[in-house]
Amino acid sequence: MTKPNCLRLAADAQQVRAHWNAASEIQDRLARKLASGCAAPAGGLDPSRLDQWQLPLYELACCSADLAATQAVLDRLPAAKPLDQWLGLSFAIEAITQSLARLEALLLEFDEPIAPLQQLGGAPEWVRLRGAYLGSAALAELGQAVLQLELDLSDLGMPVSSPHLAMVQDSFRRFAAQELRPLAEAIHRQDRTVPESLLQPLREMGVFGLSVPNQYGGYGQEGEEGAIAMLLVTEALSEASLAAGGSLITRPEILARVLMAGGTEEQKQRWLPAIAQGEPLCAIAITEPDAGSDVAALSLRASKVAGGWLLQGAKSWCTFAGKAGLLMVVARTDADRASAHRGLSVFLVEKPSVEGHAFEVRQDGAGRLSGRAIPTIGYRGMHSFELAFDRFFVPDSHLVGGPAGLGKGFAFTMTGMIGGRLQTAARACGVMKAALQAACSYARDRSVFGAPLANYPLTQAKIARMAARLAACRILAFSVAARPGAEGDRVGASQAKLLACRSAETVTREALQIHGAMGYAEESAVSRYFVDARVLSIFEGAEETLALKVIARGLLEAALRKSAALA
């Protein structure tokens, strides 16, 4: 195979689009069938029936993420550079092939005929496309093209769209390369806390105010450009260090959105300017030891007393809780556990900022808050804490939304998490970019059996697949961010996170493998990328929860609405 020309790329894209349309129609038909089987007699979806179909729903969600990325890639293709078009079609053909296999398994699950789908997968034109883009010679040549990029992977798949965004990306990539990357290994290997030498310049660059509107002292821009700027900054910092850079702005992003969604005007005026300045730093306390990603099952209790509330219970995996001076705590204000998500409220808890791996705060009147960092294999620097609240007093002024916010904590939190999930897709892209860059550099420099690793077809094929997956994940994340009303696109943000986080595990695994034994050594940065990537599919909503409770449920709800409209 030789590098495809523009005319051939355009013609092949039309064929791929036709197969995407067919696969999407089958997916929609299966979603309608599942929706019908999970419908409640009184309308909507029956949770118990949804639980009976968890595996098919999970496969449907994963398939939808692949097809959503394929759609975004195909939509982007006409404006893309030739190499990005080549990468995009390579990803699209592989993603559709995998989706057809998933859809076939789902058709068999429901005893549906699979012959039409098999004909789709075996169509002569599709077989030609698979050979032309996924054959060994094709992948080797694509890998060679990626390896020739040298150090220029910054715009792979999705170049920035304006001079302002280019300036933002360049500023933070330079900071990440010059200031963050030299400290990243020591922070990881010595399990340090992110130092002030990094935090203060980031404050001065306005990084903590990217999601805070201008009228509240922040630097956030409304619309597409503001959302994409957030992703570019997150990606650039994550490329240098996920834990010591890329995750710093997720917590202020979530809390700012929560305050904008439900805070009183007084709370917005008091807290948003402070959050924008990074003083105090903040952390998000949602997860509990016995609840995990099941937010509706949270049990930390908030009991009403004169002038405020007493918090009693435990939280876990509260990232940056030691260094943070402000915690967003989701607590149960309705003692009746049957109230589920309707009994939750959000509180703002102030505490001293500490550098170590443990802390204790005592109040007059015997209230106590203690925290202990949880040792982890990766994602070090910010540290995730276990927290214990023992009759810890929080004043009425710190209940988000005031009396009107009682029982609305779940809705406020979910609003905040949409941005956090989309941002996590960008974090995953940053880690993938670092891993791909390391793999390319090592493959060019390392010789085995008398030739550079980069000269071998298997290495080239690995590089090609890694680059294609990174490009597709970037395109999907940026496409979701650019949609009107993206701040409310729960399904799109979750699809972007699901795909990017799963892909980061694959890409960092292959990068480590290309390094061989050196990849397993802690002195190689690629070993950090590998262990850091593993957390991405767990935090900001575990992939199973996103797949079942957000993506699949959203697809089934849309199917029910469509069926009702046609009835």
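Readers should treat all values here as calculations from the given coordinates under stated rules, not as data from a laboratory. The shown structure was predicted, so the numbers you read here are calculated from the model rather than taken from an experiment. In this analysis, Cβ positions are derived from the backbone assuming ideal geometry, glycine residues included, and neighbour counts consider all displayed protein chains.
Summary table below
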quantity: Sites matching chymotrypsin sites (Phe, Trp or Tyr not before Pro) across segment 443-531 that sit in DSSP coil, with at most 14 neighbouring C-beta atoms within 10 Å; calculated: Phe449
quantity: Label-point separation in nm, His357 to Gln52, each point 7 Å along Cα→Cβ; calculated: 4.9 nm
quantity: Cα centroid separation - segment 305-333 against segment 202-272, whole Å; calculated: 21 Å
quantity: Neighbourhood charge, 11 Å Cβ-Cβ cut-off, centred on Glu239 and excluding it, Lys, Arg +1 and Asp, Glu -1; calculated: +3
quantity: For segment 426-495, convex hull of alpha carbons as volume per residue, Å³; calculated: 73 Å³
quantity: Hydrodynamic radius by Kirkwood, which averages 1/r over all alpha carbon pairs of segment 282-412, in angstrom; calculated: 14.6 Å
quantity: Charge sum, other residues only, whose C-beta stays under 14 Å from Arg509's C-beta, Lys/Arg counted +1 and Asp/Glu -1; calculated: +3
quantity: Dipole axis of the chain (+1 Lys, Arg; -1 Asp, Glu on Cβ), positive-most option in Ala471, Leu237, Phe359; calculated: Ala471
quantity: Per-residue ³J(HN,Hα) for segment 42-57, Karplus 6.51 cos²θ - 1.76 cosθ + 1.60, θ = phi - 60°, Hz, x for Gly and Pro; calculated: 8, x, x, 10, 8, x, 5, 6, 4, 5, 6, 10, 4, 5, x, 5
quantity: Kirkwood Rh and Cα Rg combined as Rg/Rh, segment 437-567; calculated: 1.13
quantity: Stretch gain in nm, segment Val305-Gln178, where the contour uses 0.36 nm per residue and the Cα spacing is subtracted; calculated: 40.6 nm
quantity: Qualifying lysines (Cα of each under 27 Å from Cα of Lys462; at least 8 residues distant if same chain); calculated: Lys3, Lys81, Lys433, Lys497
quantity: Cubic angstrom per residue, convex hull over Cα atoms of segment 102-255; calculated: 227 Å³
quantity: Reachable lysines from Lys323, criterion Cα separation under 17 angstrom, eight or more residues apart if same chain; calculated: Lys315, Lys351
quantity: Estimated D of the chain in µm² per second, where Rh is the Kirkwood radius over Cα pairs and Stokes-Einstein applies at 37 °C, 0.692 mPa s; calculated: 134 µm²/s
quantity: Selection of GluC sites (Glu not before Pro), segment 169-266, meeting DSSP coil and at most 16 other Cβ within 10 Å; calculated: Glu222
